[in-house]
1. Given (1) at pLDDT below 95; (2) assigned by TED's automatic domain parsing to the domain that holds Lys244, identify the lone condition not met by Thr330.
2. So which of Thr382, Thr411 ends up being out of contact with any helix residue (DSSP H, G or I) (no Cβ under 6 Å at 6 or more places or on another chain) and on the phi < 0 side of the Ramachandran plot?
3. Under 7 Å between Cβ atoms, at least 6 apart or on separate chains: pull out the pairs that start in the stretch 360-371 with a residue that is under 10 Å from Pro388 (Cβ atoms) and end on any residue that is among the hydrophobic types (A, V, I, L, M, F, W, C).
4. Does the stretch 24-37 contain at least one residue that is of a type in the set (Gly, Ala, Ser), modelled with pLDDT of 65 or more and touching a Leu at 6+ places or on another chain (Cβ under 9 Å)?
5. Can you pull out every residue in the stretch 372-389 that is surrounded by 18 or more Cβ atoms within 10 Å (Cβ to Cβ), in a loop (DSSP other than H, G, I, E, B) and not small (Gly, Ala, Ser)?
6. For Ala115, state whether it is free of Cβ contacts under 8 Å to residues at least 12 places away in the same chain and among the hydrophobic types (A, V, I, L, M, F, W, C).
7. Quick one: is Ala364 of a type outside the set (Ser, Thr, Tyr) and either closer than 24 Å to Gly155 by Cβ or touching a Gly at 6+ places or on another chain (Cβ under 9 Å) (or both)?
Amino acid sequence: MMRTNRTGVLAAAFLAAVPLLLSAAACERRDTPGATPSSTAAVCPEGLSPNVATGAPIEIGNLSSLTGPGTFPEASKAAKAVFDRLNFCGGVGGRPVHFTVEDDQGDPAIAAQAARRLVEQQKVVAMVGSASLLDCAVNATYYTERGIDAVQGTGVDPVCFNSPNISPVNTGPFTGVTVALYYASNVLKKQKVCRVRLFDIPGFAPAFDAAAARWETITGTRLTYSGAIGKVTDDPTPLLLRAKQVGCQAVVVDGIESHAIAVGKAIRANGLNDITWIGLTSYYTDNVGKQLGPTGNGLLANSEFEPYNADSPALSDVRGLMQKNGIAMTSFAEGGYLAATIFQSVLLSIKGDVTRESVSAALAKLDKYDTPLIGSPYSFGTGKTHAPNQSSKFVVLKDGAWTVAQNDWVTLPS
């Protein structure tokens, strides 16, 4: 009951901020810039060969924002590409995956109705690869009540990381703050580390504060300075100048894409380039690079996954599969691909009939799934909360283009 109440409170606060978040999400599409290294996708998952599945379908659901003010079409398309390949290669014991994608349209009521159609009418065994700013906040309690597990492609709000039935594949903004602070202090060796919060979203501030407090516990040090914006439309410049005044050597700053552009311009205009500035994943967009150009040189950002535009062997299969299916190679596509690939492995591990119960039992046993696309093994397990991705790589702007700042993953200590 306590968990249900907490989820309800978080959901109510989150839904009040949906218009702002949808606007932010619309800015966060990360299309691959310029020339992208070509890659070749595997014909079939390991151990399988071409043999089109024709048996009784296994129902899997996905709830994503496909229309409305902010859209995430790549995630569900990427997940479908994974399952289409599986079906071409024999499916699960001859049974194909029937993947049903529902569009929440950025509307809480529609999100609730869509989840109920998938669970009660479509009889899905699980939710996979969803990329929605509404799904967790609206449906987490319902999924728990109905015994539905969700391998989330993109987790954003606090509810996504505080449900026994949802486990996102991405790092998320809150762990993102912790790992960025840790990168500043333990990798870059900055002594005076600071934080500026530009997100003005009901229900989010406590989660961001807890993320900073977690860094203080891990490192045994305290923030030199912590500032927060009054409202989302405020100019962040006074907070950045204050960080300079108190001697900050590195500052982790969050916010949406428009904040990234404002921060980059304020850094140059006020001579703040002697400070290391680290943004969240929302900063990692081609538009930020384009808008800032050389002005943004040195601005860092958290990538969460293997940087989507890196020339990395780890991206070979996902990039090849996206190219084959005409899907933009973005961070959202990585999340959908990862969620579906992990769930595919779960399905293939099940001995006997694939049901909602056997899927939940298999996910409960999933305590370590290694993939080079993320720096921490993915897990589901039996915990009351799930935030398995505790790693990131960092990218840096140089003359308007994001490049990998370092090849090693930065992983938080247990």
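1. Every listed condition holds for Thr330 apart from (2).
2. Values: Thr382 fails: out of contact with any helix residue (DSSP H, G or I) (no Cβ under 6 Å at 6 or more places or on another chain).
None of the other options fit; the residue is Thr411.
3. Leu366/Val346; Leu366/Phe380; Tyr369/Ile342
4. Taking the stretch 24-37 as the starting set, the residues that turn out to be of a type in the set (Gly, Ala, Ser) are 24-26, 34-35.
Those still in the list that are modelled with pLDDT of 65 or more too: none.
The answer is no; no qualifying residue exists.
5. Leu373, Ile374, Phe380, His386, Pro388, Asn389
6. Numbers: free of Cβ contacts under 8 Å to residues at least 12 places away in the same chain: no; among the hydrophobic types (A, V, I, L, M, F, W, C): yes.
Here the answer is no, as Ala115 does not meet what is asked.
7. Numbers: of a type outside the set (Ser, Thr, Tyr): yes; either closer than 24 Å to Gly155 by Cβ or touching a Gly at 6+ places or on another chain (Cβ under 9 Å) (or both): yes.
For Ala364, the condition - of a type outside the set (Ser, Thr, Tyr) and either closer than 24 Å to Gly155 by Cβ or touching a Gly at 6+ places or on another chain (Cβ under 9 Å) (or both) - is met.
For every residue, the table says whether it meets (1) within 25 Å of the chain's Cα centre (by Cα); (2) under 30 Å from Ala75 (Cα atoms); (3) without any contact (Cβ under 8 Å) to a residue 60 or more places away in the chain.
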residue	(1), (2), (3)
Ala205	yes, yes, yes
Asp209	yes, yes, yes
Gly220	no, no, yes
Pro238	no, no, yes
Asp254	yes, yes, no
Ala260	yes, yes, yes
Ala269	no, no, yes
Asn273	no, no, yes
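The values are calculated or read from the model by the stated rules, or taken from the named source; none is laboratory data. Remember, it's a predicted structure, so these values are computed and weren't measured experimentally. Methodologically, a virtual Cβ is constructed for each residue, glycine included, from the backbone with ideal geometry; neighbour enumeration extends over all protein chains shown.
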